[in-house]
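Every number here is computed from the coordinates shown, using simple stated rules; none is lab data. Note that the structure is predicted; figures quoted are calculated from it, not measured. Cβ coordinates were reconstructed from backbone atoms using ideal geometry, including for glycine residues, and neighbour counts include every protein chain displayed.
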Amino acid sequence: MIRHLALSLLPLLLYAAAIACLAWQPPASNRYPRAAAGWAAAGALVHGLMVAMAIQSPAGLIISMTDSLSLIGWVIATTTVIMMVWRPLGLLAVALLTIAGLLAIGTGWQSGFIEVTPPEWEMSAHIGLAALAAGWLSMSAVIVLLLAWQQQRLRARIPLGLLAQLPPVETMENTLFHIIAAGFAVLTLALVTGFFFVTDLLAQHLVHKMVLALLAWLVFGCLLIGRVRYGWRGTRALQFTLVGFASLVLAYFGSKFVLETLLGRHWG
């Protein structure tokens, strides 16, 4: 138990080292944070190995609720490391790495149902796409909240304080919509591949999951169209992003919790 706890805290400690390096960097600095990116990359590597070991078994992939959250955290951390190479993220990187570290703590703590037996690579691909989409769209929710807070203080002419360590508003907006576009594209692939495994929505207990996932897809799709055609931003971007994110959370984690934790059953 103690050994498992120590291992589950290791990614969090490595992410914390990256955050400490970012804290020492001047807020206005445009330098590439090599030390921070190195610690974050080490954390993402350990985090990924832990998730891989936790979900694999001789019978196939077993992905519990806590392992699903950890997998999403790993997507967030890995993407953050890649983004850090391209531009300074400051407080945004701190927020994302903190979330990734906290989600990593639950790795391997909960048992689950067999999701995929070894021969079914198609289902493994579907799960991977779904995790990638969930990770990126979760990042969009974090970014849009920080962006809204940043814009609110600027409009009110209130000193930014710690928010001064965020990238400029234009950079935040561009990052937000790039992440949403990537997440939407991967979510589309996840939904398309998911249809191949549906034979009876009611019998497989997939009705709520499918409806909510499609709602999330429609919300993010409308937001991207509105951005391109009408230049949507600000409050509208905040509302659409949070509604889409909430729908996605309910689609996967809500249905998974009710089905597996409360009812002791699994889809299929």
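Take the Cα of L162, step 7 Å toward its Cβ, do the same at R34, and the gap between the two points is 2.9 nm. Using the Cβ-Cβ distance between L218 and S111 with R0 set to 41 Å, the FRET efficiency from 1/(1 + (r/R0)^6) comes to roughly 0.75. Length gained on full extension, F257 to Q152: 34.2 nm, using 0.36 nm per residue less the C-alpha separation. Note on R87/V192: beta-carbon distance plugged into 1/(1 + (r/R0)^6) with R0 of 25 Å gives a FRET efficiency of 0.20. The trypsin sites (Lys or Arg not before Pro) of segment 93-196 that DSSP puts in a loop, and whose beta carbon has at most 10 other beta carbons within 10 Å, are R157. Between segment 207-250 and segment 151-180, the alpha-carbon centres lie 21 Å apart.
A simple packing score, the average count of other Cβ atoms within 10 Å per residue, orders the peptides 172-180, 94-102, 224-232 as 94-102, 172-180, 224-232, with the highest score first.
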